[in-house]
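The values are calculated or read from the model by the stated rules, or taken from the named source; none is laboratory data. This one's a predicted model, so the numbers in the text were calculated from it and none came from an experiment. In this analysis, Cβ positions are derived from the backbone assuming ideal geometry, glycine residues included, and neighbour counts consider all displayed protein chains.
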Amino acid sequence: MKWQPGDYASCLANLLQGEALSVFLSLSPEDISDYQSVKKTLLRRFGCDKNGFKSKFFSAKPSQDEDFATYINRVARYFNRWLELAQVSDFDSLSFLILSEIALQPCDAEFVAYIKDHSPTSLSDTGYFILGRKTIKGFCHFFRRRIC
């Protein structure tokens, strides 16, 4: 049996249960019929998006019954999936991804949201947004603790 792409969302809906079904039913009528929208919403809800895999990568700990090789393979899967979803394709984009994560760690949540809303593509772009934010807001306290 060959399914048509337009039928994917309804076929998936028949398989969903519990919280996944609740998430599906909370979508708008337009989104319910759009498989890509359903897929994106479900993946995000269950932590299987870029931020979810980043979080899993940085917080991964070996379980009691997990040997070292299994643990490393699991962490590598989290890392590789994070890079794939962040569309990292070369060293420069990897460098930007990791350095921007480190640079934003001491920042308050409002500032991090501001930077991520503007989707900078380089560290210099991020710097321009920081300077713009400082000028607009008239302050230098994007950090959780005052350093300026």
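Set side by side, the residues 66, 110, 101, 84 differ, and just one is outside any helix (DSSP H, G or I) and either without any contact (Cβ under 8 Å) to a residue 40 or more places away in the chain or within 20 Å of residue 44 (Cα to Cα) (or both), which is 66.
Confirm whether residue 14 is farther than 30 Å from residue 130 by Cα, at pLDDT below 90 and not assigned by TED's automatic domain parsing to the domain that holds residue 130. So residue 14 fits the description; yes.
Scanning the range 7-39 for residues that are over 20 Å from residue 49 (Cβ atoms) and in contact (Cβ under 8 Å) with a residue 12 or more places away in the chain turns up 10, 13, 33.
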